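Data block below; observations after.
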């Protein structure tokens, strides 16, 4: 599509959407959000880009094939489930590490759940982009 | 409220079946979207409705306070929507491919994989069915 | 204990990830084979444990049943997972010979492994909604394999496969929603109790019909089977082999599971419906097979006919009948995969799959012809091959119940099966090639070992089961006993500690 307004708006929207998708992913565990929603928002950034410029441009902006992104995400999610093997707990049991935790302070929570969410983020983003790019190129 | 939801499920299913009886693949797919949304709504209604009480645990508590909405059907519906979305997107791509490869979206004309038995098979298509040597 | 259950499930997905990352080199196919081999070992370990110690179960993430997702393996699940990995490994090896680098680049082996993972998940889950999710994983992966290559016939077949399977999906989902509305749970063990305690038994019998239609469509029973012969002859031979061996069997497994564990309120009614379905499926399937001239379409209709025998066991519902059905299931998975693999070699050697265009196989490759004869005779139920024993059991079970007509139909269908497979034999193997072109084994080239090895291995397995049926019979009896009195299953799921 050749529209000056869309092109200009996309330049601003794409980084905003990407940052917002990260924000949504990170707040996910205790508040509404998470990897799935993050992935959806993140993929809209690239979809905007593909509509405003071209699918080829969007593909090169993504740098990595969407299918590959999805499968890497699947691998990460699987890995997150496997972390509990080290602690001899049931598969996909959340493992938490609170960095710098003290008496009153919770610290920075790092968990296998976060890794799982990142995996979901990549699967959703890769899957949707693969489909949308295929649709765009087919028409 | 359940009554309203049940009625809309019924209307959606009726509309979907009308569309799915069509011979056009595209109409069929639209019918399929409608009926899968009807199924989602059905699951949602099956979980009973609790208005205005999201199943969130307030800060500092270990369990939700008071009566909250049933979260399970919501989770099920979310999963079903995601899967349905993926399947629908796939079938749309497939429909476009079918249109460009077969030149039609009329399901009664799609007989390439199941040709009429009285027609003598064309050797060229018979061998093209076989996979090429790896 | 939980690891035994999760390894057969995790391994295919891990293999899929690695195989995708290595898809541009030849390493991908080796990863696929290695992963399948590991999965076979894991499934064997699971099977040995289950047959020694009884039903095992585990909770994902340590959340208790019925809130968490339960994985549970009784004998039926363990046997099915073992069969999945056996055929998975065979087809993975076969795919090394068949799949070309272009298809590998699109991620063939990866999608294949995801399909295996989805099938394994469906066999291991103890939760109805989770079963739906695994069905979808399986379905999406099968879409990928079905259209890979993008030939017009494939697209045509895929349109029918996709649309009709999506209707089954919606039926399944609606059934789940309504069942949850009535009982308030979706854990299968919990559902067993909830259904027995329900004050609306009539409603639950109606709901069971949703599941009968949904699973029946997946299993390709009459009159819901038309998607199967419309699509199974279009993809690569490796893909159609795994489809024919396992996808319909997942539907049968789900029917066996739900109609022995959950929907047991009105067996008189459901079994009568199932009996009609079974008889019509057997008959229509074999008649369809007789009318076809394309090898894989003949075999596709044979799948439909076999499904009839499986449902027949469930419909008669006596211990002997279920034993027969399970034995038939074991035999059928191996034989069906093998027949489709053989058809791939026939196509390679003679240049086609339409019986009117090919011939001369016996003269070119007498040994290969024997490899075809083993599964073909086994399928039609010749003693002493593997198909004979389950058919004896099923016929005996129906005679025990005084169902003379059913037994007669089963025997006639077996005769017609022989007829259809012998037509295939005389056309493809005995008749000289119509174009007077000498078919040549040289077309197999360097792929020869990868193509023939799995066929020979599965043929050997068929022979072994046929000659030594006792162990398989005992396993089938155990499965039937566990299905008909699900106490072990129930205590295993309830008794899981976090």
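Derivation of every value follows stated rules applied to the coordinates shown; laboratory data play no part. If you're wondering where the values come from, they're calculated on a predicted model, not measured in any experiment. Reconstructed Cβ throughout: ideal geometry from the backbone, glycine too, with neighbour counts over all protein chains shown.
Measuring from the lowest to the highest alpha carbon on each principal axis, how far does the protein assembly as shown reach, largest first, in angstroms?
82, 63, 53
Starting from the coordinates of the alpha-carbon atoms of the stretch C:380-498, obtain the Kirkwood hydrodynamic radius over all distinct pairs and give the value in Å to one decimal.
Roughly 18.7 Å, rounded to one decimal.
Run the quick spin-label model on residue C:405 and residue A:3: label points 7 Å from Cα toward the beta carbon, then report their separation in nm to one decimal.
Going from the residue C:405 label point to the residue A:3 one covers 6.6 nm.
Determine, for C:64, C:354, C:447, C:156, the number of other Cβ atoms within 10 Å of each Cβ, and report the residues in order from fewest to most.
With the sparsest Cβ surroundings first, the list reads C:64, C:447, C:156, C:354.
Given 25 °C and 0.890 mPa s, compute D for chain B with the Stokes-Einstein relation, Rh being the Kirkwood radius over Cα pairs; round to the nearest whole µm²/s.
Approximately 130 µm²/s, per Stokes-Einstein.
Under a point spin-label approximation (7 Å from Cα along Cα-to-Cβ), what is the residue B:24-residue C:272 distance to one decimal in nm?
Going by the 7 Å Cα→Cβ label model, 4.4 nm.
Please average, across the residues of C:226-238, the number of beta carbons from any other chain that are within 10 Å of each residue's own beta carbon, and give a whole number.
Mean number of neighbouring Cβ atoms from other chains: 2.
Considering only A:47, A:85, A:37, give the residue with the highest GNM mean-square fluctuation for chain A, with springs between Cα atoms whenever their separation is below 10 Å.
A:85
In whole Å, how far is the Cα centre of the stretch C:378-423 from that of the stretch C:101-119?
If we compute the Cα centre of each part, the gap is 36 Å.
Rounded, prolate or oblate, given the Cα gyration tensor of the stretch C:8-157, with a/c below 1.5 counting as rounded?
Prolate shape, in that a/c is at least 1.5 and a/b is the bigger ratio.
If you count, for each residue, the other Cβ atoms within 10 Å and average over each peptide, how do C:294-303, C:175-184 line up from highest to lowest?
C:294-303, C:175-184
Among A:70, A:52, A:90, which one shows the biggest mean-square fluctuation in a GNM of chain A, springs joining Cα atoms closer than 10 Å?
Highest fluctuation among the options: A:90.
What average number of partner chain Cβ atoms lie no more than 10 Å from the Cβ of the residues making up B:76-84?
Per-residue shielding by partner chains comes out at 5.
Could you work out, residue by residue across C:10-19, how many beta carbons of other chains sit within 10 Å of that residue's beta carbon, and then give the average as an integer?
Per-residue shielding by partner chains comes out at 3.
Taking chain A as a Gaussian network, where each spring joins two C-alpha atoms under 10 Å apart, which residue of A:60, A:43, A:112 fluctuates the most?
Most flexible of the set in this elastic network: A:60.
Mind sorting C:391, C:431 by how few other Cβ atoms lie within 10 Å of their own Cβ, fewest first?
By the 10 Å Cβ count, ascending: C:431, C:391.
Just need the Rg to Rh number for chain C, please, alpha carbons only, Kirkwood Rh.
The Rg/Rh ratio comes out at 0.95.
Can you sort C:161, C:362 by how many other beta carbons sit within 10 Å, fewest first?
Taking fewest neighbouring Cβ atoms as first place, the list is C:362, C:161.
Would you kindly calculate the mean projected area, averaged across all directions, of the convex hull enclosing the Cα atoms of the stretch A:4-138, in square nanometres?
10.0 nm²
Give the residues of the stretch C:36-67 whose amide nitrogen is closer than 16 Å to a point set 7 Å from the Cα of residue A:95 in the direction of its Cβ.
What the label zone holds, given the 16 Å backbone N cut-off, is C:61-62.
Just the C-alpha atoms of the stretch A:10-74: what Rg/Rh do they give, with Rh taken as the Kirkwood radius?
1.01
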